[in-house]
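This report concerns only the one structure given below.
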Amino acid sequence: FESGLLAGKRVVITAGPTREALDPVRYISNHSSGKMGYALAAAAVAAGARTTLISGPVTLPVPDHVAFHPVESARDMLAACLDQVAECDIFIACAAVADYRPAQVQGQKIKKGAEEISLPLVRNPDIVATIAAVEKPPFTVGFAAETQDVLAYARDKMQRKHLDMIVANDVSEQGIGFNSEENAVTILHESGQRTLARATKFNIAREILEEIARVYREN
Ligand code: C5P
């Protein structure tokens, strides 16, 4: 992996889950560990990129030499991404963004009482699709975690969100993807695909960045 692979390029990465508040003490979230996104940030630094990491709440150490922007909700994450987009060459959306948020955040803690209550939810903005739709979009890379017809769904997602590349993984396989140390992925772009065999997330991250650099240069 040549160290100057992405020299001088500005890379922005989203990582981790988002947290969607219900009231001052409760939230909806998911089990994303942030490991893949943090591995990508460390690998981007190693490749010589000026690297920004926009992350939901996780317990990982922030890699050295990364500009770090912690956020909570999907809307916070979108605002942080839009702040960075003008200065961004390559945008990698690795975050597990909550698809929905509570329609209202209660100002006070919700009291227990009724046997049954319901919680109206509204759609969150799609961050990577929003970034891909700005006037001068960066080279935009998304992730697709699927349990069936992985490549077909991933390619469809890439086209629908107008991404330059998508990294597909089969989350129904044991020991890879969500919350694990290893991953195995297929990288898809308009004119090709490449499968990476099971490896640590840092090694997968390095190979993803190599592929990004190659396709980015050809663009
Ligand atoms: O549509 P789906 O959630 O499967 O798409 C996954 C890809 O889209 C990932 O790259 C994820 O980071 C991104 N995404 C996003 N904002 C959302 C939902 C997903 O950036 N609200």
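Give the residue that is surrounded by the most Cβ atoms within 10 Å (Cβ to Cβ), with candidates limited to residues of segment 186-217 that are of a type in the set (Val, Ile, Thr) and under 24 Å from Thr59 (Cα atoms). Within segment 186-217, the match that is surrounded by the most Cβ atoms within 10 Å (Cβ to Cβ) is Ile208.
Taking the criterion of being within 11 Å of the ligand (Cβ to nearest atom), surrounded by fewer than 18 Cβ atoms within 10 Å (Cβ to Cβ), at pLDDT 95 or above and among the acidic types (Asp, Glu), would at least one residue in segment 151-162 satisfy it?
Yes, some residue in segment 151-162 is within 11 Å of the ligand (Cβ to nearest atom), surrounded by fewer than 18 Cβ atoms within 10 Å (Cβ to Cβ), at pLDDT 95 or above and among the acidic types (Asp, Glu).
Among the residues examined, Thr186 does not qualify as farther than 22 Å from Arg155 by Cβ and of a type in the set (Val, Ile, Thr).
Any residue at all in segment 108-131 that is in contact (Cβ under 8 Å) with a residue 40 or more places away in the chain, of a type in the set (D, E, K, R), more than 9 Å from the ligand (Cβ to nearest atom) and surrounded by 15 or more Cβ atoms within 10 Å (Cβ to Cβ)? No, there is no match, as no residue in segment 108-131 is in contact (Cβ under 8 Å) with a residue 40 or more places away in the chain, of a type in the set (D, E, K, R), more than 9 Å from the ligand (Cβ to nearest atom) and surrounded by 15 or more Cβ atoms within 10 Å (Cβ to Cβ). In the condition set (1) under 22 Å from Ile28 (Cβ atoms); (2) surrounded by fewer than 22 Cβ atoms within 10 Å (Cβ to Cβ), Val97 is compliant with all but (2).
Condition first: of a type in the set (Lys, Arg), within 21 Å of Glu2 (Cα to Cα) and either in a strand (DSSP E or B) or free of Cβ contacts under 8 Å to residues at least 40 places away in the same chain (or both). Now tell me which residues in segment 188-219 satisfy that. Selection gives Arg194, Arg214, Arg217.
Number of residues in segment 16-47 that are touching a strand residue (DSSP E or B) at 6+ places or on another chain (Cβ under 6 Å), small (Gly, Ala, Ser) and crowded, with 22+ Cβ neighbours inside 10 Å: the value is 6.
Taking residues in segment 70-95 that are farther than 23 Å from Lys201 by Cα and at pLDDT below 95, and partners anywhere that are within 13 Å of the ligand (Cβ to nearest atom) and hydrophobic (A, V, I, L, M, F, W, C), the pairs with Cβ atoms closer than 9 Å and at least 6 places apart or on different chains are Glu87/Val12. Among the conditions (1) under 16 Å from Ile208 (Cβ atoms); (2) of a type in the set (A, V, I, L, M); (3) surrounded by fewer than 16 Cβ atoms within 10 Å (Cβ to Cβ), the only one that Ile13 does not satisfy is (3). Counting only strands (runs of 3 or more DSSP E) that fall entirely inside segment 68-179 and contain at least 2 residues that are small (Gly, Ala, Ser) and within 14 Å of the chain's Cα centre (by Cα), the qualifying elements are 139-146. Put simply, of Phe91, Phe68 the only residue that is of a type in the set (A, V, I, L, M, F, W, C) and more than 10 Å from the ligand (Cβ to nearest atom) is Phe68. Please verify whether segment 48-57 includes one or more residues that are among the basic types (Lys, Arg), part of a strand (DSSP E or B), in contact (Cβ under 8 Å) with a residue 24 or more places away in the chain and surrounded by fewer than 16 Cβ atoms within 10 Å (Cβ to Cβ). No - not one qualifying residue is present in segment 48-57.
The values are calculated or read from the model by the stated rules, or taken from the named source; none is laboratory data. If you're wondering where the values come from, they're calculated on a predicted model, not measured in any experiment. With ideal geometry, Cβ positions are generated from the backbone for all residues, glycine too; neighbour counts draw on all protein chains shown.
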